[in-house]
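Take a look at the structure below.
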Amino acid sequence: MKRDAVATRERILAAAVDEFARNGLAGARINRIAELAKANKSLLYQYFGNKDALFDAAFEAVVVQTVSEVPLDPTDLAEYAAQLFDWHRAHPAPLRVAAWDRLERDGLGGTSSPLREAIRDKVDAVAAAQAAGRITDRFSARSLLELVIAISQSGPVDLTQPVSVEEAAEHREAIRLAVATLVAPTPS
């Protein structure tokens, strides 16, 4: 059987995202990733070098996926925050991998992270919307973007109870309204 390197690499990345989301970098095990990916353990090292590099690649994959699935509209940050909320409810692994990155590393996905580039592009887009008077300039573009993203990641306080569809919709609307209030242009 001919090995498909691209498909194998993608299976390894998907398995790594799962494992790192559950266990973090320190708790993740290469054996579990290889088993889940249905790949030889030596292929993980061949494709990624070591566990740290595999974590970086997994983190990059979730960042790229999130950025492509939830594009930023700097003129409608309220809807952007609501869409991010929806995305993270449907795909919790990226937030978990990012949380492990903040807990176990520098919080920016290693040294050559697409997160840095994605943030820079988003900050530039927000700054342009601020300069055009479309959104508030009371905060720096970076601070405003960080606040919008933080609000989009908020959730129910009682984590012991499942969230109903109605509660999620209510929270989504609260996020949208909070961000709309936050980013409203400052009256002249």
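The values are calculated or read from the model by the stated rules, or taken from the named source; none is laboratory data. Bear in mind that the values here come from a model prediction, so they are computed numbers and not experimental data. Please note: Cβ atoms are built from the backbone with ideal geometry, for glycine as well, and neighbour counts cover all protein chains shown.
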Just checking, which of 64, 97 is part of a helix (DSSP H, G or I) and at pLDDT 90 or above?
-> 97
Out of segment 9-25, which residues are touching a helix residue (DSSP H, G or I) at 6+ places or on another chain (Cβ under 6 Å) and either closer than 17 Å to residue 47 by Cβ or among the hydrophobic types (A, V, I, L, M, F, W, C) (or both)?
-> 9, 11, 12, 13, 15, 16, 17, 19, 20, 21, 25
Of all residues in segment 9-21 being in contact with a Phe, Trp or Tyr (Cβ under 8 Å, 6 or more places away or on another chain) and of a type outside the set (Phe, Trp, Tyr), the one that is surrounded by the most Cβ atoms within 10 Å (Cβ to Cβ) = 16
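Return the residue satisfying two criteria in turn: it lies in segment 30-41 and is charged (D, E, K, R) and touching a helix residue (DSSP H, G or I) at 6+ places or on another chain (Cβ under 7 Å), and of such residues it is surrounded by the fewest Cβ atoms within 10 Å (Cβ to Cβ).
Among those residues, the one meeting the criterion is 38.
Scan segment 67-85 for residues that are assigned to a helix (DSSP H, G or I) and modelled with pLDDT of 90 or more and report the count.
Final tally of qualifying residues: 10.
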Only one residue in 117, 60, 69 is within 21 Å of residue 179 (Cα to Cα), of a type in the set (Asp, Glu) and within 14 Å of the chain's Cα centre (by Cα). Which one?
-> 69
Residue list for segment 174-188, restricted to those being modelled with pLDDT of 95 or more and surrounded by 12 or more Cβ atoms within 10 Å (Cβ to Cβ) = 174, 175, 176, 177, 178, 179, 180, 182, 183, 184
